[in-house]
Amino acid sequence: GNILYDSMKLKQLTLTEAFNNSFSVRRDIYPKNHNSWHYHEQLELVMVYKGTGSLFLGDAICDFAEGTCVLIGSNIPHFWLFHNIDEGDTEASIDCIAVHFNADFAGSELFNIPELEEVKKTIKRAEKGLIADKAATGIVGSLFNQALENEKTSKFISLIEILGQLSSLSLAPIVGDN
C-alpha cells in the first residue's frame, strides 16, 4: 500500500493500561509508535529528549525538537512525524517519554482541591493541545525520568508534580479557536 496514505488513515487506539495502574509511562527510542494518525481517550503527555519533527494535531501543525513537552487532550487526532529517520537505522534516533492518563486518573475529586486548581485548568486547556519549548531543561525533564523509574506512590506523585510544573510554564495552545 501507499505508505503516506496508510499513515493518514485515522485509527482509534485502545491503550492497554499497565496492569493495576491508573496511568502508563514508557520510553520510546524508535518512532514506531507514532507514525500514524490516531486518537485515544487518554491524554498524552510527551517529553522529547532527542529527535525533531512535526506534530500534526487536529487541523494544526507545529514543530518539536529536543526539550519540547506536549500535552494532548482526550480524543484529539494526532500524528508525530519525526524527521531524518532511516528505516534500517538500528541506532536510537529519538528519545522521548510518553505518559498516557485519563482526565480522572486520580479520581474525580482530587483536582477540585485548591492546591491543584491550576493543574485542573491545564488539563482542561489540553483540549487545544499544549506545547512548551525547552521544558526538558530543569525540573520537568528529571520528573519525567522519575515517573518512568519510580513505582506506586512515588510514580503517582511524579505525575502530579509534572502536571503542577507544566501548569506554571507558559504553555501555548497548538490548535486555534477557529
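The values are calculated or read from the model by the stated rules, or taken from the named source; none is laboratory data. Please read these numbers as outputs of a predicted model, since none were measured by experiment. Glycine gets a Cβ as well: all are built from the backbone with ideal geometry, and neighbour counts include every protein chain shown. What goes into the accessible areas is simple: the full protein's heavy atoms, side chains included, and nothing from ligands, DNA or RNA. Shrake-Rupley method; radii C 1.70, N 1.55, O 1.52, S 1.80 Å.
With a threshold of 28 Å on the Cα-Cα distance, the over-threshold entries among 50/128; 11/134; 9/120; 9/134; 9/152 are 11/134; 9/120; 9/134; 9/152. Of the accessible area of segment 50-167, with the probe set at 1.4 angstrom, what percent is carbon plus sulfur? After summing per-atom areas, the C and S share lands at 50 percent.
Taking the empirical scaling 2.2 N^0.38 Å for compact globular proteins as reference, segment 98-142 has a Cα radius of gyration ratio of 1.30.
Taken about its Cα centre, segment 112-161 carries a charge dipole of roughly 200 debye when the Cβ of each Lys and Arg holds +1 and the Cβ of each Asp and Glu holds -1.
Rolling a 1.4 Å probe across the protein heavy atoms gives segment 105-169 an accessible surface of 56 Å² per residue. Report note on the peptides 108-121, 143-156, 45-58: ranked by the mean count of other C-beta atoms within 10 Å, highest first, their order is 45-58, 143-156, 108-121.
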